[in-house]
Each structure stands twice: as structure tokens, then as C-alpha cells.
Amino acid sequence: MEPCDVLILGASEPDELLTSAFERLSSSIDAPIVIFVDSAPVNSAASFIRQGAAAFIVDGLSARRVAPIVEAALERHRMMVALHSELVKSKTELSARKVIEKAKGLLMQQQMLSEAEAYDSIRRSAMARGKTVLDVSQTIITLSELMPKR
């Protein structure tokens, strides 16, 4: 689907057609979706927002309300994208840190090194091979798993 700044859906009420259209569109575009309806049952807004709508506006679509609502939806979308990106980055960093800590622990145990010495050994090995500390740490873990247990 073509990129767009914002997608606006409108309906008299949130029926099955609107719900279906929203579900298809929300998974296929990377843009905020603003939904305007004339009326809606209780909890409709919360349901659409939880599914990714940037805004769910009850009481119809009027020209004077569109601009500020779209502006808010765009900003909310930017914030959510930034938060998601930060979450992914944090999870990746945490996962990498766990691998590095495990590799350090293995070196400390197997080679009787201090924590600083184990990390320095991993770091030097990474630099010598043009690899990342994470790559070397993963290799240490993999090799350790291949070694027979005593």
C-alpha cells in the first residue's frame, strides 16, 4: 500500500464493516488511522485504540475539528513509533548483555579469570577478528555447549 500521512475512516457507527476495514488497514499501513463515527457503544473507542487507532472520534466528522484531530493523531503516531523503536532497541541490548554476561561467566569459571579479565579477553578477541563482542560471546557459548560436560 502507498505511504500516507494519515488515514481517515468514517461510519455512522462501528459496525462489522468498519471493524473489518480497520483490521485489514491497520496491519498493512504505517500511518495513523483516525476513525470518525456518529455514535458508538460504550468501550468502542477503547477497543479501537487498543488495536492501534490513533484516534476514535464520536459525534461525527466536521470540517473545523479535522485539522486538530489529525495533528494530534500524527503526533501520537510519531510518539508510538519512537516508543516502539526504543523498546525494540532496549530488548536487543538486554539480550546482548545477557549473552555477554553468560560468556564472561563461562570464561571466569573455565579459565579462572576475574570478570574484568574475562571481558577484556572477549573484547581483545573481537578486535583481533573484526567481530563484535556479542559475536565472540555467542561463539564462546556455542563452543562451551559443544564441549563434553565433566
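Here, each number is a calculation from the coordinates, and none is a lab measurement. Only a predicted model underlies this, so the values are computations on that prediction, with no experimental measurement involved. No Cβ is skipped: glycine too gets one built from the backbone with ideal geometry, and neighbour counts run over all protein chains shown.
The criterion of at least 1 residues that are touching a residue at least 60 places away in the same chain (Cβ under 8 Å) and under 30 Å from Asp15 (Cα atoms) is met by the following helices (runs of 4 or more DSSP H) wholly inside region 33-150: 63-111. Here Asp5, Asp15 are screened, and the one residue that is within 24 Å of the chain's Cα centre (by Cα) and of a type in the set (D, E, K, R) is Asp5. Checking Glu13, Glu23 one by one, the residue that is surrounded by fewer than 15 Cβ atoms within 10 Å (Cβ to Cβ), of a type in the set (D, E, K, R) and either in contact with a Lys or Arg (Cβ under 7 Å, 6 or more places away or on another chain) or assigned to a loop (DSSP other than H, G, I, E, B) (or both) is Glu13 and no other. When we screen Gln51, Gln111 for residues that are touching a helix residue (DSSP H, G or I) at 6+ places or on another chain (Cβ under 8 Å) and exposed (fewer than 11 other Cβ atoms within 10 Å of the Cβ), the only hit is Gln111.
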